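**Q** Attaching a single structure in structure tokens format; questions to follow.
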Amino acid sequence: MAVAAPVPDLADRATDCADRLREAGRVLLASHIDADGITSAAIASTALARAGIDHEVVFEKQLDEESIAGIAAREYDVVLFTDFGSGQLDIIADHEAAGDFVPVIADHHQPADRDTRYHLNPLLEGIDGASELSGAGASYLLARALEGPDGDNRDLAGLAVVGAVGDMQDSTDGLVGANEAVVADGVDAGVLDARTDLDLYGRQTRPLPKFLEYASDVKIPGITNDESGAISFLTDLDVDVKRDGEWRRWVDLDADERRAVASALMRRAVASGVPSDRIEALVGTAYTLVDEEVGTELRDVSEFSTLLNATARYERGDVGLAVCLGDRGDALAEARRLLRTHRRNLSEGLQWVKNEGVTHEEHLQWFDAGSRIRETIVGIVAGMAVGSPAVDRSKPVIAFAEKSAGELKVSSRGSHALVRRGLDLSTVMREASQSVGGDGGGHDVAAGATIPTGERDAFLAEADRIVGEQLS
Ligand code: C5P
Ligand code: C5P
Ligand code: C5P
Ligand code: ZN
């Protein structure tokens, strides 16, 4: 009872990849270690298992010559890469030509200058890989193509939405493009709910004062970053904001109570002179996994994706994968423990950037966190800094952190406005890093690289030149 392919433009590629995996019968599944990569692995692993295809899952922080050589050394004829692989096709294609393995790729990153037969990537069909389909979305299309006669894989659409939101693909209009077809599958299958709601982080788990105080995307004077302000705003409302002496959470309020709080918040924002486009950003699409327990991180896709990053970015992708596959015992407890550390690291990292400030070049701005910020989260911190006063929104930001002896991690973040003017950070990171003996890639709006430590300033000069060219 196969249902129509959710994204017709990618259906042939998905079918080709699925056929090759079935033919293999035994597959090594390699995935990227972040929220999108973990959900990609969970989706692909579930679909392979349901199709009776034997497999093993490995995670890599980054695909490079060394990690791909390690994969090639394993005794697998076919390797499925999810949420990475396209950007490293130059290296992968050499291994394929040498007969080391046949690659099957489900990815959404900018492809390198080589191609391969089994390659499922939205960018190959004119679909934007930064905002219209994530790695988990590509893996989901593959899962739909792997469906057997016993049932469909639409229940995996919820995880695909977690991956897309984890890669920050949702805009003020929610998920768009091919992602909308994935959302529709999840709603049809009864695993996902999509509705307009107050668009603040922590709807499920944060007590109301923290929910309002910590939401910093839209700044409301006297509430944002102001604990006593948030508390007095709430207690002045004609809503029961506490029950049995405990603060309630957004999810505990009924529809009327939510409307009352949301409209009071808008009125306060208007009265304090918040610009109207910022006020509109207070409302967005909330995606809820309806089978998950109310009030847990797993029920809100945005909180779920942060929980997964908290495992993945600390070399515990196995824990995140187990949670995605349904472990609500030890794995969930461990993920929650990791989440506390992750939150503390993000907030300390952002504070450090705010204190130290950034250095301005002609076309970009940068900071070097050294060992102050973990290299695996410096990109998330850079992204959060873009929304803060520490960073000038008219230029992209480049962040450095120590990776290992002799190596620097680079992360870059731009804005959609800059992308519309011609910015493509994926090209900037690839070309500037290769010019100093490193490598990189990613998306137009967010990309990264690894370079030799001593080359930071040469890299910056080259990146500044390329950004200048793109924006001219
Ligand atoms: O490897 P990958 O695709 O997972 O990483 C995507 C990264 O790009 C995420 O860290 C996400 O925060 C960032 N991003 C962003 N703004 C966007 C899209 C993605 O900062 N509009
Ligand atoms: O960690 P992750 O990249 O999923 O975070 C996505 C966004 O969620 C952050 O940019 C931040 O605005 C928000 N967030 C937050 N509080 C946290 C973690 C994430 O507000 N503890
Ligand atoms: O690590 P960071 O969050 O800055 O990565 C931003 C984007 O750039 C991600 O999509 C990541 O996969 C990509 N990237 C890459 N090559 C690198 C580093 C990052 O393609 N060497
Ligand atoms: Zn991704």
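**Q** Of all residues in region 215-234 being part of a helix (DSSP H, G or I) and small (G, A, S), which is farthest from ligand 2 (Cβ to nearest atom)?
**A** It comes out as S232.
**Q** Could you pull out the residue among R144, R114, R154 that is free of Cβ contacts under 8 Å to residues at least 60 places away in the same chain and either in the same structural domain as F81 (by the TED database) or in contact with an Asp or Glu (Cβ under 9 Å, 6 or more places away or on another chain) (or both)?
**A** It is R114.
**Q** Okay, next question. I'm checking my understanding of the structure. Among residues of region 24-35 that are away from ligand 4 (no atom under 16 Å from the Cβ) and in contact (Cβ under 8 Å) with a residue 40 or more places away in the chain, which one is surrounded by the fewest Cβ atoms within 10 Å (Cβ to Cβ)?
**A** Per the stated criteria, the residue is R26.
**Q** State the number of residues belonging to region 302-334 that are within 16 Å of ligand 2 (Cβ to nearest atom) and either within 15 Å of the chain's Cα centre (by Cα) or closer than 14 Å to L159 by Cβ (or both).
**A** Residues meeting the conditions: 16.
**Q** Would you please list the contacts, defined by Cβ atoms under 9 Å and residues six or more apart or on different chains, that run from a residue in region 226-252 that is closer than 25 Å to S272 by Cβ and not assigned by the TED database to the domain that holds P209 to a residue that is surrounded by fewer than 18 Cβ atoms within 10 Å (Cβ to Cβ) and of a type in the set (A, V, I, L, M, F, W, C)?
**A** none
**Q** Another question, then. If I go through region 406-438 residue by residue, how many of them are in a strand (DSSP E or B), over 17 Å from the mean Cα position of the chain (by Cα) and polar (S, T, N, Q)?
**A** Qualifying residue count for the region: 0.
**Q** Of the conditions (1) more than 13 Å from ligand 1 (Cβ to nearest atom); (2) touching a Gly at 6+ places or on another chain (Cβ under 6 Å), P396 satisfies every one except a single condition; which number is it?
**A** (1)
**Q** Out of everything in region 439-454 that is in contact (Cβ under 8 Å) with a residue 24 or more places away in the chain and not in a strand (DSSP E or B), what residue ends up being nearest to ligand 3 (Cβ to nearest atom)?
**A** H443
**Q** Any idea how many residues of region 62-114 are assigned to a helix (DSSP H, G or I), away from ligand 3 (no atom under 16 Å from the Cβ) and closer than 21 Å to G163 by Cα?
**A** Of the residues in region 62-114, 0 are assigned to a helix (DSSP H, G or I), away from ligand 3 (no atom under 16 Å from the Cβ) and closer than 21 Å to G163 by Cα.
**Q** Further question on the same structure: Whether any residue in region 282-290 is more than 16 Å from ligand 2 (Cβ to nearest atom) and at pLDDT 95 or above is what I want to check.
**A** Among the residues of region 282-290, at least one is more than 16 Å from ligand 2 (Cβ to nearest atom) and at pLDDT 95 or above, which makes the answer yes.
**Q** Inside region 9-56, can you point out the residues that are of a type in the set (A, V, I, L, M) and in contact with a Gly (Cβ under 9 Å, 6 or more places away or on another chain)?
**A** A30, I33, A35, I38, A41, A42, I43, A51, I53
**Q** Report yes if some residue within region 190-197 is within 16 Å of ligand 2 (Cβ to nearest atom), surrounded by fewer than 20 Cβ atoms within 10 Å (Cβ to Cβ) and either assigned to a loop (DSSP other than H, G, I, E, B) or touching a residue at least 40 places away in the same chain (Cβ under 8 Å) (or both); otherwise report no.
**A** Yes: one or more hits.
**Q** Sticking with this structure for a sec: Only one of these conditions is not met by L123: (1) of a type outside the set (F, W, Y); (2) within 16 Å of ligand 3 (Cβ to nearest atom); (3) part of a loop (DSSP other than H, G, I, E, B); (4) in contact with a Gly (Cβ under 7 Å, 6 or more places away or on another chain). Which number is it?
**A** The one condition L123 does not meet is (3).
**Q** Evaluate region 400-408: report whether one residue or more is in contact with a Leu (Cβ under 6 Å, 6 or more places away or on another chain), within 16 Å of ligand 4 (Cβ to nearest atom) and either outside the structural domain of L89 (by the TED database) or touching a residue at least 60 places away in the same chain (Cβ under 8 Å) (or both).
**A** no
**Q** I would also like to ask the following. Just to check your reading of the model, which residue among R430, R421 is in contact with a helix residue (DSSP H, G or I) (Cβ under 9 Å, 6 or more places away or on another chain), outside the structural domain of G87 (by the TED database) and within 30 Å of T224 (Cβ to Cβ)?
**A** Answer to the check: R421.
**Q** Considering only residues that are out of contact with any strand residue (DSSP E or B) (no Cβ under 6 Å at 6 or more places or on another chain) and assigned to a loop (DSSP other than H, G, I, E, B), which ones fall in region 288-308?
**A** D291, E292, E293, V294, G295, T296, E297, L298
**Q** Going by the conditions given, is D464 surrounded by 15 or more Cβ atoms within 10 Å (Cβ to Cβ) and within 21 Å of P111 (Cβ to Cβ)?
**A** no
**Q** Same structure, new question: Would you check if there is a residue in region 336-346 being of a type outside the set (A, V, I, L, M), assigned to a helix (DSSP H, G or I) and more than 21 Å from the chain's Cα centre (by Cα)?
**A** Taking every residue of region 336-346 in turn, none turns out to be of a type outside the set (A, V, I, L, M), assigned to a helix (DSSP H, G or I) and more than 21 Å from the chain's Cα centre (by Cα).
The values are calculated or read from the model by the stated rules, or taken from the named source; none is laboratory data. Note that this is a predicted model, so its numbers are computed, not measured. As a convention, Cβ positions derive from the backbone with ideal geometry for all residues, glycine included, and neighbour counts pool all protein chains shown.
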